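Pasting in a structure now, in structure tokens, and then I'll have a few things to ask.
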Amino acid sequence: MDKKKLRRQIKEQVLALTRAEQSAQSLQIVEHVKALIEERKPRVVALFSPLKDEVQILPLAESLPASCRVVLPRVGDRADGTPEMEFFDYEPTALADGAYGIAEPQGDKMCAAEEIDLMVVPGVAFTREGVRLGRGKGYYDRYLAREGVRAYTVGVCYACQLLQELPSEEHDRRVDIVVAGE
């Protein structure tokens, strides 16, 4: 399977979902992830700011206990030009469009990779076994490959993004569990 072609096909399927279908599936996913969080009791949860074709996961942040630190990714380049992603504290009123038009946290309180207990990971597609097809830039794969990362990873996707098999390369990182809408 060609990853580029597959990404395009899946994106078309997601964009074909009505707003009501996206909303209903997002709500189911949020509730399931909330139950996982209640069970695992993480101190630090990493979420993401969704694009229009991704699960609307941010409402989860509002339902987490006050004792739970929520962080979101911000992307940029290292001094050598290598793309990099870091996580910063989430403040709903302190988000601004960053790379790729994604809302990013603007604070300066960075979260070390080893502090994250549970990470909700977006993807273009997943398999039940945790194989993930990302957008092709490798941000999550590089982050999850870092030394010290110990987060329990939760892939989230709409039903049409859950496939039987996906192409996978050595550098691709799997998630621990996939939560899909119905």
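Residue check, Lys34 against (1) under 26 Å from Leu64 (Cβ atoms); (2) surrounded by 19 or more Cβ atoms within 10 Å (Cβ to Cβ), all met but one. Which one?
Against the list (1) under 26 Å from Leu64 (Cβ atoms); (2) surrounded by 19 or more Cβ atoms within 10 Å (Cβ to Cβ), Lys34 comes up short only on (2).
Hey, can you tell me all the residues within segment 124-169 that are at positive phi and either out of contact with any helix residue (DSSP H, G or I) (no Cβ under 6 Å at 6 or more places or on another chain) or surrounded by 17 or more Cβ atoms within 10 Å (Cβ to Cβ) (or both)?
Scanning segment 124-169 gives Gly130, Gly136, Gly138.
Quick one: in segment 59-94, which of the residues that are of a type in the set (A, V, I, L, M, F, W, C) and under 19 Å from Arg40 (Cα atoms) is surrounded by the most Cβ atoms within 10 Å (Cβ to Cβ)?
The qualifying residue surrounded by the most Cβ atoms within 10 Å (Cβ to Cβ) is Val71.
Sticking with this structure for a sec: Out of (1) assigned to a helix (DSSP H, G or I); (2) open to solvent by 20 Å² or more (accessible area, probe 1.4 Å); (3) modelled with pLDDT of 90 or more, what's the single condition that is false for Tyr100?
With respect to (1) assigned to a helix (DSSP H, G or I); (2) open to solvent by 20 Å² or more (accessible area, probe 1.4 Å); (3) modelled with pLDDT of 90 or more, Tyr100 is out only on (3).
Can you tell me which of Glu129, Glu170, Glu114, Glu165 is part of a loop (DSSP other than H, G, I, E, B) and within 24 Å of Arg78 (Cα to Cα)?
Step by step, each of Glu129, Glu170, Glu114, Glu165 is checked, and only Glu170 is part of a loop (DSSP other than H, G, I, E, B) and within 24 Å of Arg78 (Cα to Cα).
Further question: Inspect all residues belonging to segment 9-32 and state whether any of them is within 18 Å of Gly155 (Cα to Cα) and of a type in the set (Asp, Glu).
Checked segment 9-32: at least one residue is within 18 Å of Gly155 (Cα to Cα) and of a type in the set (Asp, Glu).
Next question, about the same structure. Could you count how many residues in segment 85-100 are free of Cβ contacts under 8 Å to residues at least 24 places away in the same chain and small (Gly, Ala, Ser)?
2
Just checking, which of Leu166, Leu144, Leu133 is within 13 Å of Leu6 (Cβ to Cβ) and at pLDDT 90 or above?
Leu133
The values are calculated or read from the model by the stated rules, or taken from the named source; none is laboratory data. Being a predicted model, the structure only gives us computed values, none of them experimental. So basically every Cβ, Gly included, is an ideal-geometry build from the backbone, and we count neighbours across all protein chains shown. When the accessible area is computed, the model is the full protein with side chains, heavy atoms only, and any ligands, DNA or RNA have been set aside. Shrake-Rupley method; radii C 1.70, N 1.55, O 1.52, S 1.80 Å.
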